[in-house]
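The values are calculated or read from the model by the stated rules, or taken from the named source; none is laboratory data. Model, not experiment: these values are computed from the prediction. Note: ideal-geometry Cβ built from the backbone for every residue, glycine included; neighbour counts use all protein chains shown.
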Amino acid sequence: MEASDMNESETQRHAVVIGGGPAGSAAAIALARAGQSVLLIDKATFPRDKPCGDLVGVRALRLARELGIDETQLSPYATLSGARVTTTENTLNLVPGSRLGRAMLRTSDARVVPRLVFDAAMVESALRAGATVYQMTVRSIGEWDGTGRRIDGVVDGTSVSINAQVIVLAAGYGSSVLLSEEESQNANHPPRGIARRGYLRGVTAPADQIVFCLDDWVLPGYGWVFPLPNGAANVGVGTLVRTGEERGQLQALYRRFTEDLDSPIAHWLQGATTNGAARSWPLDLGPRRRTLVRDGLMLAGEAAGFVGPLTGAGIAFALASGTLAGETAAAALALGQTDRQTLLPYHRTVRRRFRFWLHTEAAAQRWLTDPHHVQRLVRLTRPLPPTGTIGASLLLHLG
């Protein structure tokens with residue numbers, strides 16, 4: 001739909017979802033499945049790249065299938081058989097060693113799927129469900145006028161305004177700046193994160209295992225090598241933001257991690273070549289106090305601060321919160337009431353469902369920033385027979 005083709009009736013929308021990532025696509029699918037007319041807005045056309053570790057964990061993949069993702073888009077990417085955690089002293093091999101352990105893990109389907117592929121597949125699912133996808137750069141979201149909110153944006157240089165009874169804001173990190181209301185600041189917010197990843201070819205790391213690096217090279221952050229088809233890999237580093245100087249340090253850390261012969265992953269990268277430029281991105285790590293529901297408006301995914309503080313993974317949280325937001329919005333529209341009180345069940349439900357995961361990861365993050373804790377954990381778990389199965393299952397559920 002071109003901006004010039006949008007008439008007055010088309011600018012009046014019952015439901016608008018801003019952001020075509022996993023949270024936005026999930027919200028649009030839930031609304032469309034409930035019989036509501038929904039407009040899914042994104043500033044980009046799909047497929048588009050999104051810097052990320054690309055791990056689609058067990059929870060995320062299960063939700064994506066429930067939302068109708070095309071299996072043919074997933075089939076090129078191997079089901080992961082386990083994980084490895086490298087530390088300064090040694091490596092913890094979290095791959096089930098017994099037939100029983102492998103059978104137990106077989107039901108935990110997790111894969112590394114580039115966001116270029118995964119996000120586009122989710123948008124296609126939204127289209128199949130009946131959503132309308134519209135390319136537009138949103139500039140602001142207006143205040144509640146008693147019946148809805150106005151969205152102001154630009155399409156091909158032309159200003160466009162859309163009125164919506166309910167909006168799901170799922171445009172990722174920093175999208176709360178689109179709101180005219182001030183967001184309260186809290187001194188006890190968790191630290192934010194920042195990460196950098198690149199795609200490499202000719203990597204000899206295990207083709208069906210994810211690798212996390214928790215050693216002196218990267219602590220209090222972490223590094224990773226996540227396998228892709230044909231010897232490719234997503235390789236990156238992430239760290240916490242505490243002083244404001246981490247962005248420059250991150251680029252240097254990434255170069256050392258991928259190029260230094262003393263790097264813990266150097267033996268896997270001998271002869272490897274880069275495939276495109278490395279990219280950095282901020283991480284709005286949870287759990288974060290944030291107003292998730294306002295009159296005619298809900299926040300979902302990373303816009304709501306639903307990002308795992310241990311690894312920065314957010315796809316499962318995005319799909320789950322987007323689905324809940326879409327279902328709540330559809331129920332409110334059916335009642336003809338989209339005020340805060342009617343939408344409030346979303347806030348209560350999503351907080352209750354995510355509280356355990358976010359707080360557990362936050363505690364683990366704080367504990368694992370100490371190298372001595374990491375080494376102690378490896379020494380304690382290495383002798384235990386179930387370590388491979390339990391450890392792999394936990395890590396594969398994080399994405």
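Pairing residues of the range 51-72 that are among the basic types (K, R) with residues that are at pLDDT below 95 and surrounded by fewer than 21 Cβ atoms within 10 Å (Cβ to Cβ), at Cβ distances under 6 Å and at least 6 apart in sequence or on separate chains, gives R59/H397. Residues that are over 27 Å from G276 (Cα atoms) and modelled with pLDDT under 95 number at least 1 in the following strands (runs of 3 or more DSSP E) confined to the range 1-93: 12-18, 82-86. Taking every residue in the range 107-118 that is over 13 Å from Q73 (Cβ atoms) and pairing it with any residue that is in a helix (DSSP H, G or I) and of a type in the set (S, T, Y), at least 6 positions away or on another chain, the pairs with Cβ-Cβ distances below 6 Å are S108/S393.
All conditions in (1) at pLDDT 85 or above; (2) over 23 Å from R84 (Cα atoms); (3) out of contact with any Phe, Trp or Tyr (no Cβ under 9 Å at 6 or more places or on another chain) hold for V155, with the sole exception of (3). Only strands (runs of 3 or more DSSP E) whose full extent lies in the range 103-175 are considered here, and the ones with at least 2 residues that are among the hydroxyl-bearing types (S, T, Y) and farther than 27 Å from N234 by Cα are 132-135, 137-141, 158-169.
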